[in-house]
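The values are calculated or read from the model by the stated rules, or taken from the named source; none is laboratory data. Note that the structure is a prediction, hence the values are computed from the model and not measured. All Cβ positions, glycine included, derive from the backbone under ideal geometry; neighbour counts span all protein chains shown.
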């Protein structure tokens, strides 16, 4: 067991950057969920990406969405990405 003097939190070791990125991602995911119906009506059967609470890309295929994000210099793994459909489907990502 680490002592209080040797224990270093993840936030301190990373300068809080990862914690801030995670909080931003969670906020983006919540933002996407809050607008799901509106986005589904506007972008049916499409992939969408939210970054910093803004819709930054939409595309009919995931590879195209990734390409659009990279063109905007957004790391795809940092965006909240989802496929909008009214059909029930299981996805393994």
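The set of residues in region 41-63 being touching a residue at least 12 places away in the same chain (Cβ under 8 Å), surrounded by fewer than 16 Cβ atoms within 10 Å (Cβ to Cβ) and farther than 13 Å from residue 28 by Cβ consists of 44, 45, 60, 61, 62.
Yes/no per residue for (1) at negative phi; (2) touching a strand residue (DSSP E or B) at 6+ places or on another chain (Cβ under 6 Å); (3) modelled with pLDDT under 95; (4) part of a loop (DSSP other than H, G, I, E, B):
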residue	(1), (2), (3), (4)
24	yes, no, yes, no
29	yes, yes, no, no
44	yes, no, no, yes
58	yes, yes, no, no
